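Here's the structure we're looking at; comments come further down.
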Amino acid sequence: MSRFTNSLNNVSVASPCSANWNEMYGDDRKRFCGQCKLNVYNLSDMSRGEAESLIMNAEGRLCVRFYRRTDGTVITKDCPVGWAKVKQRARTVATAACSLILALFTGVLFVSLFSKKTATLGELHIPFVTPTPKPMPLMGAIALPPRNANTEQKKEEKPQKRDGRKVM
C-alpha cells in the first residue's frame with residue numbers, strides 16, 4: 001500500500017467549475033464564488049506550507065484554484081523551480097540587452113575611428129547649390145575719385161571787389 005506523504009501533490013478536482021475567477025469578489029488568495037456560494041482559495045498564490053495546512057485542515061467541501069505542471073506537481077508561490085526559471089529568463093534578457101548596447105557602442109567607435117571626414121566648425125555645406133566665392137583681400141593705396149575741372153575753377157576764383165565791398 002502506498003504511503004500518503006504530500007497532500008499538495010495528491011490534490012485532484014472531481015468536477016471543474018466553470019465560474020470565472022476575475023468575476024469573483026476578493027483578493028488574489030481567496031475569492032467568493034456566487035455560483036457555489038463557497039470561498040475559492042488560490043493555492044498557487046500561497047506558500048507550500050500554507051497550501052498544505054489549508055488542505056489538511058479543511059472540513060467538508062473545499063474549492064481551490066491552482067496550476068499544475070506536466071509532471072503533476074502543484075505550482076506554489078515559493079516554488080524553487082519556477083523561481084529558477086524566472087531568474088534564468090531575467091538573466092537571458094539582461095545579457096541580450098547588454099550585448100546589444102555593447103555592439104551599438106562598438107559600431108559607433110569603429111565608424112568614428114575609420115571615417116576620413118573631419119568636422120569643421122563654421123562652414124555650411126548645402127548640396128546641389130553652387131558655393132558663393134569667398135572674398136579676396138586687397139591691399140594698396142586708396143584711389144581718389146577723379147577731379148572735375150569745372151568745380152575746381154569755381155573754388156579757385158576769388159571774389160572781386162566793387163566799391164570796397166566783397167561780392168559773393
Residue count, the range 31-48, condition surrounded by 16 or more Cβ atoms within 10 Å (Cβ to Cβ) and at pLDDT 85 or above, comes to 5
For A84, indicate whether it is hydrophobic (A, V, I, L, M, F, W, C) and modelled with pLDDT of 75 or more.
-> no
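The values are calculated or read from the model by the stated rules, or taken from the named source; none is laboratory data. Being a predicted model, the structure only gives us computed values, none of them experimental. Glycine also receives a Cβ, built like all others from the backbone with ideal geometry; neighbour counts cover every protein chain displayed.
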